[in-house]
Every structure is written in structure tokens, then in C-alpha cells.
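Worksheet: the structure to be examined is printed underneath.
Just so it is clear, none of the values below were taken in a lab; they were calculated from the coordinates. What you see is a predicted model, and the numbers here were worked out from it, not measured in a lab. Reconstructed Cβ throughout: ideal geometry from the backbone, glycine too, with neighbour counts over all protein chains shown.
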Amino acid sequence: VGVNTSAAGLRSGSVTLAYQTDGTGPNGNSGLAAISAGSQTINVQGNVYNMAAGSASPTPVVLAAQRIGGSLTQTLSIANVAPSGVFSEALNASFSGATGNAVHNGGVVTNLAAGASNAAAMTVGVGTGTAGLRSGTVTVAYQTDGTGPNGNSGLAAIAAGSQTIDVSGKVYAPAVAQLNTTVVDFGVVR
């Protein structure tokens with residue numbers, strides 16, 4: 001016996017159990033016909049919650065051109081795209097990896113209410129130690145959390161998927177001035 005979990009909210013219903021004798025006694029077949037022995041109705045109710053669902057943007061991230069040693073980054077907007085309301089859990093987000101030349105600030109988002117977004121905590125970029133087209137990926141891991149101030153359900157946090165974002169940008173070496181002739185002879189000048 002349980003509740004229908006196809007939609008969030010307070011779910012309730014009832015189940016009726018019908019009892020019937022099977023016509024046998026403790027010593028075998030009693031020769032009596034099976035008869036109804038009554039029924040019982042059981043009322044069932046429970047709360048069903050939407051899990052948090054994360055989405056990061058922009059994706060892909062293409063940074064403007066910069067020089068070696070540059071520090072351009074892009075802030076990710078993290079959204080909890082679960083339907084807003086008291087029957088939706090909060091979202092936690094953190095970086096779980098980076099590949100290639102992609103870098104991140106290690107930022108986290110916690111207790112993001114359903115229907116809300118955060119565009120301040122998590123930034124990405126590319127390593128600028130050498131010139132060239134720099135690219136890689138960062139992975140954002142999501143958790144659905146029912147225990148935070150926006151969580152509502154009281155259920156412990158569990159993994160709720162991840163998102164991999166491509167990050168790229170061009171890094172240029174600055175020009176270096178060099179004079180190859182150390183002696184300048186103007187000849188005879190009047």
C-alpha cells in the first residue's frame with residue numbers, strides 16, 4: 001500500500017480489503033462454502049516532493065581574447081528548474097572536475113530554492129600560462145536537498161545528476177620589442 005507518486009503534493013486515497021473464508025477448517029476441508037467475512041478500509045496519505053533539478057548557463061562558454069597571464073572568467077548562472085512551491089526540494093551545486101585547459105574557482109551554491117537562480121558563486125575560465133586556443137570542460141555536480149531552509153521535505157541530500165560545460169578562449173603572447181642593430185651610422189651629415 002502506498003500513494004501515487006506521479007505528481008508532487010499531499011497525496012491521499014484509500015484501499016478496501018475484502019475478507020472471505022476459504023471453506024476449510026483446521027482439520028482439512030470442512031465442506032462449507034466460502035463466504036464473505038467482511039471488509040476493512042485503510043486510508044493512506046503522504047507527501048510527495050519534486051527533486052531539485054540543476055541547470056547551468058551559458059553553455060558553451062567562449063571567453064574573449066586575452067594575453068598570457070590574463071584573468072578573464074565567465075560567471076555561471078545556476079538555476080533550480082524544479083517547479084517552485086513547498087513541495088520542491090532545494091538545489092546544491094559544486095564543481096566536480098575539469099579537463100584540458102579549463103579552470104574553475106571552486107565555488108558552490110547551496111540551498112537554492114526551486115524556481116530560483118544564482119549568478120555569483122561559480123566562475124570558469126581557461127589557463128593562460130601559454131598562448132594558443134585553450135579549451136577544456138568543467139563538470140558541475142548537482143544535489144537535491146530536502147534538509148536546508150528551502151528544502152521542505154526533510155530528506156537527506158542525494159546526487160541529482162551533473163552537467164559538463166565546454167570552455168574555450170584564445171590566449172595571445174604579447175609583442176616583445178627588440179632592436180637588432182646596436183650601431184647606427186648616418187655617414188657624413190652637414
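Starting from the amide H of GLY97, placed 1.01 Å from N in the peptide plane, find each other amide H under 5 Å away whose residue is 5 or more places distant or on another chain.
Residues meeting the criterion, in which the H sits 1.01 Å from N, are THR139.
Restricting to DSSP loop positions (anything but H, G, I, E, B) with no more than 13 other Cβ atoms inside 10 Å of their own Cβ, which chymotrypsin sites (Phe, Trp or Tyr not before Pro) remain in the range 100-190?
PHE186
³J(HN,Hα) across the range 104-117 via Karplus (A = 6.51, B = -1.76, C = 1.60, θ = phi - 60°), whole Hz, x for Gly/Pro?
9, 8, x, x, 9, 10, 10, 6, 7, 5, 4, x, 9, 9
SER36 versus ALA131, label points 7 Å from Cα toward the beta carbon: distance in nm?
So the two model labels end up 9.2 nm from each other.
By how many nm would the segment from LYS170 to ARG190 grow when fully extended, if each residue of separation counts as 0.36 nm and the alpha-carbon distance is taken off?
Values: separation 20, 0.36 × 20 = 7.20 nm, distance 5.19 nm.
Once the chain is fully extended between LYS170 and ARG190, it gains 2.0 nm.
What relative contact order, as a whole-number percentage, does the range 51-154 give when Cα pairs under 8 Å and 6 or more residues apart are counted?
Across the range 51-154, relative contact order equals 34 percent.
Can you pull the percent of Cα pairs in the range 50-190 with separation above 17 Å?
64
So what are the ³J(HN,Hα) numbers for the range 130-139, from phi and the Karplus equation (6.51, -1.76, 1.60; θ = phi - 60°), rounded to whole Hz, Gly and Pro as x?
Going residue by residue, I get 9, 7, x, 7, 9, 8, x, 9, 10, 10 Hz, with x marking Gly and Pro.
With the crude spin-label approximation of a point 7 Å out along Cα→Cβ, what separation in nm comes out for LEU72 versus VAL108?
Here the modelled spin labels are 3.1 nm apart.
For the pair ALA18 and THR147, what calculated FRET efficiency results from E = 1/(1 + (r/R0)^6), where r is the Cβ-Cβ distance and R0 = 35 Å, to the nearest 0.05?
Working from the Cβ atoms, E equals 0.25.
Size of the range 90-135 along its principal axes in angstrom, Cα-based, largest extent first?
41, 17, 13
Over what distance in Å are the Cα centres of the range 36-87 and the range 111-190 separated?
23
For the range 63-102, just the Cα set please: Rg and Dmax, both in angstrom.
16.3, 49
Just to verify a number: FRET efficiency for SER55 and LEU155, C-beta to C-beta distance, R0 = 35 Å, to 0.05?
Numbers: r = 21 Å, r/R0 = 0.61.
For R0 = 35 Å, the calculated efficiency reads 0.95.
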